[in-house]
Amino acid sequence: MSDADQTTADLSRLRRQEFITFLVLAFGIWPLVAVGFVGAYGFLIWMFQIVAGPPGPPGH
């Protein structure tokens with residue numbers, strides 16, 4: 001194999017690896033992180049309301 005063929009093969013392999021990494025991040029890890037973040041935020045609000053009470057004026 002010549003140097004040009006080797007460089008082309010390396011670039012092709014690198015592109016494929018980067019594309020697979022992008023797919024794993026875009027459709028695997030980041031959606032899980034987003035769902036976890038929203039769930040944690042909701043849990044935080046829920047716990048805060050248990051301690052401090054619901055928002056709004058106090059009831060009579």
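Annotations for the structure displayed:
- Helical mean residue ellipticity (222 nm; -39500 (n - 2.57) per DSSP H run of 4+; nearest 500) of the chain: -26000 deg cm²/dmol
- Equivalent-ellipsoid semi-axes of the stretch 17-60, from the Cα gyration tensor, Å, largest first: 40, 7, 5
- Taken per residue, the accessible surface of the chain reaches 94 Å², heavy atoms only and a 1.4 Å probe.
- Fraction of accessible area attributable to carbon and sulfur, the chain (%, probe 1.4 Å): 72 percent
- Taking I50, I29, I20 as the candidate residues, the one with maximal mean-square fluctuation in a Gaussian network model of the chain, Cα springs under 10 Å, is I50.
The values are calculated or read from the model by the stated rules, or taken from the named source; none is laboratory data. Everything quoted here is computed from the prediction, not taken from an experiment. The area values use the complete protein model at the heavy-atom level, side chains included, leaving out ligands, DNA and RNA. Shrake-Rupley method; radii C 1.70, N 1.55, O 1.52, S 1.80 Å.
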